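S.K.: One structure, as structure tokens, below. Some questions next.
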Amino acid sequence: MSLLSLWTMDLPPPVHGPSWMGAVLFLGGQLLALWPVAAVDVHTSREVEALNGTNVRLKCTFSSSSPVSQRVTVTWNFQPQGTNSPESVLYYHEEPYPPTSGRFKERVTWDGNIDRNDASIIVWNLNPTDNGTFTCQVKNPPDVDGTIGEIQLRVVQQVHFSEIHILALVIGSACALMIIVVIMVVVWRHYQNRRGQEKSTEMVETELTEKEKLKSTEEKVAVPLED
């Protein structure tokens, strides 16, 4: 075996270009997966129950990884119950644009504040045809992707009390009862103190009267003795 053969056997195998490119692409993909994605998160109530003929405020708030700017857009849509056809409710870009036709014409007003990350609206004069799903989508360029808030609206003839409402009513009633009891105790103590003061005053006046009578009697008795 020649010296050239021995020298070439000790060398590491050559690294080919495609293998390096694959490693770089793999690491780049992992870094992109770990890098936070710019998006807008929208927060709404899942279900809202409102009485027929009343007004309801559909609350929609959002958070963005980018500063809120004048380029924010808000899109409210409505999908009636039992259909797959969304309808425009309101569009906002620097100012609100309510619908000029359809079921929500002159029935929707903007009630949000973009500076406070609020994109809420008010729907007026509810009726049973408003049963369905309202969606709120917010875009804050460059954050244009993200969640879409959904609100399931139920228009009912009579509001049903949930367990939370009943619990709140019980707690509120107990607090009101405690306040009434405290007021009664304070009034009773005030009345008792006042009665005590009146009795003390009467006793002092009685003592003074008795002393004056005794003094007058003594004076009357003393006058004949001096004669």
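The values are calculated or read from the model by the stated rules, or taken from the named source; none is laboratory data. None of the values given here were measured: they were computed from a predicted structure. Cβ: placed from backbone, ideal geometry, glycine included. Neighbour counts: every protein chain shown. Surface accessibility is based on the protein's heavy atoms, side chains included, excluding ligands, DNA and RNA. Shrake-Rupley method; radii C 1.70, N 1.55, O 1.52, S 1.80 Å.
S.K.: Would you check if VAL123 is closer than 23 Å to GLN157 by Cβ and surrounded by 13 or more Cβ atoms within 10 Å (Cβ to Cβ)? Talk me through it step by step, then tell me what you get.
M.R.: Working: closer than 23 Å to GLN157 by Cβ: yes; surrounded by 13 or more Cβ atoms within 10 Å (Cβ to Cβ): yes.
Yes, satisfied.
S.K.: Is it the case that THR129 is in contact (Cβ under 8 Å) with a residue 12 or more places away in the chain, open to solvent by less than 90 Å² (accessible area, probe 1.4 Å) and in contact with an Asp or Glu (Cβ under 6 Å, 6 or more places away or on another chain)?
M.R.: On the way: in contact (Cβ under 8 Å) with a residue 12 or more places away in the chain: yes; open to solvent by less than 90 Å² (accessible area, probe 1.4 Å): yes; in contact with an Asp or Glu (Cβ under 6 Å, 6 or more places away or on another chain): no.
Judged against the criteria, THR129 is not a match.
S.K.: Something else now. Report every pair of residues separated by at least 6 positions or lying on different chains whose Cβ atoms are under 7 Å apart, first residue within segment 95-113 and free of Cβ contacts under 8 Å to residues at least 24 places away in the same chain and more than 22 Å from SER63 (Cα to Cα), second surrounded by fewer than 18 Cβ atoms within 10 Å (Cβ to Cβ) and among the acidic types (Asp, Glu).
M.R.: Listed by first residue and then by second, the contacts come to GLY102/GLU87.
S.K.: Consider SER216 carefully, then state whether it is at pLDDT 80 or above, open to solvent by less than 100 Å² (accessible area, probe 1.4 Å) and not hydrophobic (A, V, I, L, M, F, W, C). Don't jump to the end; show me each part of the working.
M.R.: Numbers: at pLDDT 80 or above: no; open to solvent by less than 100 Å² (accessible area, probe 1.4 Å): yes; not hydrophobic (A, V, I, L, M, F, W, C): yes.
Considered against the rule, which asks whether it is at pLDDT 80 or above, open to solvent by less than 100 Å² (accessible area, probe 1.4 Å) and not hydrophobic (A, V, I, L, M, F, W, C), SER216 comes out as no.
S.K.: For segment 45-70, which positions are exposed (fewer than 13 other Cβ atoms within 10 Å of the Cβ) and more than 12 Å from LEU126 (Cβ to Cβ)?
M.R.: ARG46, GLU47, PRO67, SER69, GLN70
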